[in-house]
Number of protein chains: 2
Amino acid sequence: MNEPGEETAEPIRIGPWRRRSRRVAYANDWIEVLHDEVDRPDGSPGIYGVVHFRNQAVGVVAVGEDGRILLVGQHRYALDEYSWEIPEGGVGPDEPLLEGARRELREETGYEATDWRRLARLTVSNSVTDERGELFLATGLVAGDAHPDPSEDLALRWVTVDEVIAEIDAGEIHDAMTIAAVCRYALEVARAR
Amino acid sequence: MNEPGEETAEPIRIGPWRRRSRRVAYANDWIEVLHDEVDRPDGSPGIYGVVHFRNQAVGVVAVGEDGRILLVGQHRYALDEYSWEIPEGGVGPDEPLLEGARRELREETGYEATDWRRLARLTVSNSVTDERGELFLATGLVAGDAHPDPSEDLALRWVTVDEVIAEIDAGEIHDAMTIAAVCRYALEVARAR
């Protein structure tokens, strides 16, 4: 990455784009906002504000022995809206994604899982962010104590896959990672029938 | 919204959070980054950087008569990575989401569709953004001329639903809106068999 406001000697190629300069417009512990001057694919000049995420996102479809899955409810500050979701969290660069997924499931719900499988790789919101992540399927659940962090005020709920799909269709469950993960898992269940 | 840097007379309740102050840290035509001083759900002080999106996101699963769906390929600047996705775009506050979806499908692919249905409501990346959107299913496709905007350099590809699912499983298709939309549609197809 260039220094704030640095004008690059040679424009940097980003596919059919060229980046002429970059400065850090805002930074906190979670994101860095980069203001770039660019040439667009047709050669015309423009700007691009990129939101760089310091952490990757993980989400876990945790399936109990009766086939129900575990949802976590919380008020999402950025939306100012309550949201029921699969257990999700951020994983820093020094932690493997699977370990981060195990930790988030344990912290938010208290559950450990004996069997883990990757459901999908994700780019979460690619119009202006570089947020990446992975979705996991966790089975063989064993209950324990939850340890949410101070920014979390969480509720838990066990629901059938069909109930989650119905809530997605009704617009009541709307988190994109949750829809992606549960629908991919529901497709697997439907095809196995 | 408060003025930049304004300290509110009374903290504003955001669910179990309280917002004590807000300033605009960065703004362009697409996003506004807001730096808030907050009390967290446990009462401890903290900060929250919120990325406000000026537009909503729409995505379209466009299904041809043979059951294949239309994917758009482009180099995503924010990721610096090529990405195959359903047709997607941003819709401003003055345009109904369905009209925006029709426009994006027409501009990016040239296709019009006679039948439209909502697949899901979305909050795209809710840890720090307020980006919202909707996913649509479009059928009864009629070909026309594409008119991509200057920031787009697009390729088109028709693929079966099974091929898209295989590419999701392989990590080759990773856009969260695309995974959510195609898996929800694939579930509908699987259940109808």
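Quick rundown of the values:
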| read-out | value |
| --- | --- |
| Hey, A:G171 open to solvent by less than 50 Å² (accessible area, probe 1.4 Å), within 13 Å of chain B (Cβ to nearest Cβ) and not in a loop (DSSP other than H, G, I, E, B) or not | no |
| Matching residues, region A:132-144, being touching a helix residue (DSSP H, G or I) at 6+ places or on another chain (Cβ under 9 Å) and either of a type in the set (D, E, K, R) or in a helix (DSSP H, G or I) (or both) | A:E134 |
| Filtered residue count, region B:77-120, keeping only those that are polar (S, T, N, Q) and buried (at least 21 other Cβ atoms within 10 Å of the Cβ) | 1 |
| Residue that is of a type in the set (V, I, T) and touching a helix residue (DSSP H, G or I) at 6+ places or on another chain (Cβ under 6 Å), where the choices are A:V24, A:V72, A:V51 | A:V72 |
| Residues satisfying the stated conditions in region A:177-193, i.e. in contact (Cβ under 8 Å) with a residue 12 or more places away in the chain and more than 8 Å from chain B (Cβ to nearest Cβ) | A:T178, A:A181, A:V182, A:Y185, A:V189 |
| Any hit, region B:67-83, residues being out of contact with any Phe, Trp or Tyr (no Cβ under 8 Å at 6 or more places or on another chain), of a type in the set (A, V, I, L, M, F, W, C) and without any contact (Cβ under 8 Å) to a residue 12 or more places away in the chain | yes |
| Within region A:57-75, considering residues that are within 11 Å of another protein chain (Cβ to nearest Cβ) and crowded, with 20+ Cβ neighbours inside 10 Å, the one nearest to B:A27 (Cα to Cα) | A:A57 |
| Residue within region A:131-139 that is more than 8 Å from chain B (Cβ to nearest Cβ), open to solvent by 20 Å² or more (accessible area, probe 1.4 Å) and β-branched (V, I, T) present | yes |
| Residue list for region A:38-56, filter: part of a strand (DSSP E or B) and more than 9 Å from every other protein chain (Cβ to nearest Cβ) | A:D39, A:P45, A:Q56 |
| Residue in region B:27-37 that is facing chain A (nearest Cβ under 9 Å), in a strand (DSSP E or B) and open to solvent by 20 Å² or more (accessible area, probe 1.4 Å) present | yes |
| Residue that is nearest to the other protein chains (Cβ to nearest Cβ), among those in region B:97-126 that are farther than 21 Å from A:E167 by Cα and in a strand (DSSP E or B) | B:D115 |
| Condition check for B:L79: touching a strand residue (DSSP E or B) at 6+ places or on another chain (Cβ under 8 Å) and closer than 23 Å to A:R132 by Cβ | yes |
| B:E10 out of contact with any Pro (no Cβ under 7 Å at 6 or more places or on another chain), over 30 Å from A:E37 (Cβ atoms), at pLDDT 95 or above and more than 11 Å from chain A (Cβ to nearest Cβ) | no |
| Flag if B:A57 is within 16 Å of the chain's Cα centre (by Cα) and under 23 Å from A:Y77 (Cα atoms) | yes |
| Selection within region A:140-151 - within 7 Å of another protein chain (Cβ to nearest Cβ) and surrounded by 12 or more Cβ atoms within 10 Å (Cβ to Cβ) | A:S151 |
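Conditions tested, residue by residue: (1) under 17 Å from the mean Cα position of the chain (by Cα); (2) on the phi > 0 side of the Ramachandran plot; (3) at pLDDT below 95.
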| site | (1), (2), (3) |
| --- | --- |
| A:L97 | yes, no, no |
| A:R103 | yes, no, no |
| A:T139 | no, no, no |
| A:D145 | no, no, yes |
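The values are calculated or read from the model by the stated rules, or taken from the named source; none is laboratory data. Predicted model only: the values in this text are computed from it and were never measured. Using ideal geometry, Cβ is built from the backbone for each residue, glycine included, and neighbour counts are taken over all protein chains shown. Protein only, heavy atoms only, side chains kept; ligands, DNA and RNA dropped before computing areas. Shrake-Rupley method; radii C 1.70, N 1.55, O 1.52, S 1.80 Å.
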